[in-house]
1. Give, rounded to the nearest 20 debye, the magnitude of the charge dipole that the protein assembly as shown has about its Cα centre when Lys and Arg contribute +1 at Cβ and Asp and Glu contribute -1 at Cβ.
2. Treating the angle as unsigned and between 0 and 90°, give the value, to the nearest 10°, between the Cα long axis of helix A:333-345 and the longest Cα principal axis of chain A.
3. At B:Leu296 and B:Leu264, where each label point lies 7 Å from the Cα along Cα→Cβ, what is the point-to-point distance in nanometres?
4. Using only protein heavy atoms and a 1.4 Å probe, report how much of B:Leu330 is accessible, in Å² to the nearest 10.
5. Compute the distance from the alpha-carbon center of the stretch B:343-359 to that of the stretch A:44-80, in whole Å.
6. Using only the heavy atoms of the protein chains and a 1.4 Å probe, how would A:Phe167, B:Phe7 rank by accessible area, largest first?
7. How large, in Å, is chain A by the Kirkwood hydrodynamic radius built from its alpha-carbon pairs?
8. In square angstrom and rounded to 100, what buried accessible area do you get between chains A and B, total over both, with the probe at 1.4 Å?
Amino acid sequence: MIIGIDLGTTNSAVAVWRDGEPVLVPNSLGDLLTPSAVSLADDGRLLVGMAARERQSTHPDQTATTFKRFMGTPQRMRLGKKDYSPEELSSMVLRSLKADAEAWLGEPVTGAVITVPAYFNDRQRKATRRAGELAGLKIERLVNEPTAAALAYGIHTLGEEKPFLVFDLGGGTFDVSLVEIFDGVIEVRASAGDNRLGGEDFNAVLIKLAREKLDPPRLGDDNPAAFAEVLRAAAERTRRALSEADSAPFSIVWRDTAFDFTVTADDFELRCSDLLTRLREPVLRSLRDGRTQAEGLSEIVMVGGATRMPMVRRAVTRMFGRFPNFGLHPDHAIALGAAIQAGLKARNADLDEIRLTDVCPFTLGVDTVDRGVDSRLQRRVFSPIIERNTVVPASRVKTFSTAQDGQSFVEFNVYQGESHDLAENIKLGSIRVAVPPKPAGHVSLDCRFSYDASGLLEVDVTVNETGVTKQLVIVDEDDGAASTDLEARRKALEALKVHPREEAANAAALARANRCYASLLAERREYVGMLISRFQAVLDQQEPRAIETARKELEGQIDQIEGERYL
Amino acid sequence: MSRRPPFWDQLDLEPTEDARTIKLAYTRRLKAMDVDVDPAGFIALRAARDNALAYAAMRQSRIAAAPAEIQPEPPAAPAEAVNAAPDASAPPRAVDPTPPPPEPDPDQEQERLFNDELARLHKQLFAKAGDASAADLIRLTETILASPALDRVDRAAHAEQWMAATAINAIPRSDPILPTLISHYRWRAQPSAWRQPPAIKAVLARQAQCEFVGELMLTRHPWRQAYLELNAPPKVWWKQLNGVHNRSVRLLMSTIMANHPGLLRELNQETVAAWVKRVNRRPLMDRFWTWAAKYLPGGPRVWDVKPALRLPLWSLLLLIAFPIFRVWWLLRPGFSLRLRILAFSWTVIWVAAWVALHG
């Protein structure tokens, strides 16, 4: 069975293609979404999902969240005594999702389709792929998130021939895709995005506001990491409340003192105006690249949790002069689309009349020498070979020639990016070929780029004078060592003790109660403390029935105190 | 029919001008293949589709256009390229007198106000006498850019194109508003510099040039004198350029030619022509080696010396040739005997001294 996984910044989900439709798989808590959070419990076991997210503000130095934002960077996150890379943390989430899927399906999972933001660069994609391999999943395909959403939307509107726009504002990334459906072929025409813009940035605005308003200005300086987590949890809560009401309280408890103030929706929107402006650029670019006008679109399909914010909805309405479409569930659409892609990949008979073509959202190319007028000013500039928004798989060739007399070799550095200036692009690798020494310009080389549907780039360089061909497969930035290393790392991760699935619900409830305890004061805190010790006593008796009843009761009580649990 | 392009066969289709038929043929072929197994087949199919669509679009536009003036297009060119921004590399000329309304949407008051403002800006920029000051122009531009009518993406995209085209055609009247436009539209910050429409590229180049000249005019700038020299008529002595600031003029010229080719038009043309000739001239020894490789016996294998080896070889040659030449010069007949003796003894003394010192 191939599963589809939406590996999100804040929440992840897993879905499968079953009985002619995509179905979301509930996790051990019965939720369709699993928070992308990993935490190290006091007994040294790993907690993944809800329980981990609840521990974020009570145990900030043992919990990691939003690690997707650091995918493909050398940044490491500390859990207890050990550092983990973002891909290792993601692999823990993936492993837990895989276990959920296997438990629900009752059959082993053979492969997975994982979604990545369309604007993820090559390194970030490679890191995601490695995360999947570390979790013991065979990665059948990496799909762009807006493409997956387009699949989920398009599968119901196959008759429509006008293009539609997918506007995907998630927890940490923003993507826009222009999609056209023709005779069952769902074709992505252009993608654009910003891989550093999402709900977390709106939280950051609230946090900045809070730091200005909270009374002692140096509050939290004694433990900045923990304080930041407390603020972030409060900001998330306030932002969600502001989606429903015109004003919401921002309240935290720090060192047993309560601080709070009220944020109005208007003030919040005013402070977010920079972020809202950043939404426009990718929209304009995707329309320009797709050679379409906003008027010619049939729908603007909104997905991603952050599109629930009224200000984002208003901004989109202003941009297009009409109301966007909220027909898809903003949190589920991408996982469902991934499941459809998994069904396509498994050549499911239900999907026989449907095909999907995607584009490569960024430009790939090599560096060349730009000769100055008097042949003195020389600088290396980017020379694109595969232009952005080319349909993949794609293969393009470009001819270059030597720049100096008697040059004995030519080195191509492969870059990805949109800038003429090399420093702003991302280097993917380099290839060097020997050439016969001749005057400048007398040796020509063909450089061929082949880009496959999963985002694997192959570079072939042919020296036309000698016919010598050299090939470079860009598998990984950090050389071949990674592949041998991968197995060892997978073993090491497997050896980590993970909290048992059956107890996940208890752990989550307990973590939540503990967070609640830390964020309340006086008699309500006493009350929660009493609830915790009562639940702990039931847990110690180890009677499944009693534990389940006690947990329901605990959750009910806490729901009454702080409102419904959210995902 | 004998020389019909191969893409029709790839699509399994008779030549047609109907885009729908082509797309249908493509989807039919696509569903019959497995892209994951045969990526090369997909690439070929996709290319065939694109070529066929471009062919169809070309035929369509030929039918639409007057038969006399047909712009032959390369077959692979995208059909929509016709709608690209106006070519801005041309020298200033008056654009169409009325600014095109970005969106014909008459029932909106906002829209009408916005168009009025655009018309005002257009009038100010192209007015003969130019009665608006730079500050006025900037203020007007800022009002337009802050207009709520620009919230719509269609209108914003259109307005951006219009602004760029207008600004570039109104040079030099539009110089003061360029920084405002650039910072508002973040043209400079946009990473896709080489794909920007020509009008925006031209605006950026113009602004860079204005900034460059502004820098040059600072009193302490090292190239200031050179720049003034280039603005004045050429100083010629013995048919040769006689710049006082030889080196800096050379550097300035190369910089201008490389980075601000537009500035060349605004300098003194005679001076520039003379300097361009001089800057483009290859170094003397370079020309010698090329000549030697071509004409001297031994052929290119002997004389096409690596540039890195040229200087050492040349100095070695001088080291050997100069003493021989010198001895011949001193001892040649027809030279005064007294001087010959004097010079000879002088050489001997020098050689003796050299041997004493080094040997």
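The values are calculated or read from the model by the stated rules, or taken from the named source; none is laboratory data. Keep in mind the model is a prediction, meaning the values are calculated, not measured. We place every Cβ from the backbone using ideal geometry, glycine too, and count neighbours over all the protein chains shown. SASA here: full protein model, heavy atoms, side chains in, ligands and nucleic acids out. Shrake-Rupley method; radii C 1.70, N 1.55, O 1.52, S 1.80 Å.
1. 5520 debye
2. 50 degrees
3. About 3.4 nm, to one decimal.
4. Answer for B:Leu330: close to 20 Å² accessible.
5. Using only Cα atoms, the two centres lie 84 Å from each other.
6. The most accessible residue leads, giving B:Phe7, A:Phe167.
7. In chain A this quantity evaluates to 25.6 Å.
8. Summing both chains' loss of accessible area gives about 3800 Å².
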